[in-house]
Amino acid sequence: MPFPTLAVPSILKAILAPLASLWRWLTDEPVRLAFAVLLLLCGVLCWRLASVDGDRDKWRDRARAYEAASKVVKDADVKADAVALDVAADKKGSIDAQNQSARDAARDSDDKLRAGLERLRSQGAGGSGSPTR
């Protein structure tokens, strides 16, 4: 049984015929073929360089975004530290005031330790929200 012949569409012939004639022309002389290979190599290298440049630009944009985000985090950290210092100063002031009132209560008492501790316990139970010991 003979092999069936492939029917090549005419549009495919129209595309392949000029390519075949170009290939024959290039392979007629080795200088032409070497020049064509060099041009193809230059084209591939240029394409690769363009893609590397694009990757470098993407990495640069990412690095800038990370720098901006770290600056925002650093600024927020500074603000949080300032708020924490204000809260700590307020707490220290209230604790110092409680200690001073305990000292004042203990100064006029015979049992200074007991008077100071009772004063601190009464202040702690009065609404600080923390449990007393």
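Readers should treat all values here as calculations from the given coordinates under stated rules, not as data from a laboratory. In this text the structure is predicted, and so the values were computed from the model without any measurement. Counting neighbours? That spans all protein chains shown, and the Cβs are built from the backbone with ideal geometry, glycine included.
Size of the dipole of the chain about the Cα centre, Lys and Arg at +1 and Asp and Glu at -1 on the beta carbon, nothing else charged, in debye to 20?
260
If I stretch the segment between ASP55 and VAL87 completely, what's the gain in nm (0.36 nm per residue apart, minus their alpha carbon distance), one decimal?
Extra length available between ASP55 and VAL87 comes to 6.8 nm.
Grab the Cα-Cα distance for TRP47 and SER10, subtract it from 0.36 nm times how many residues apart they are, and report the gain in nm with one decimal.
The TRP47-SER10 span can extend by a further 10.0 nm.
Any idea what Rg and Dmax come out to for the chain if you just take the C-alpha atoms, in Å?
Final numbers for Rg and Dmax: 43.5, 128 Å.
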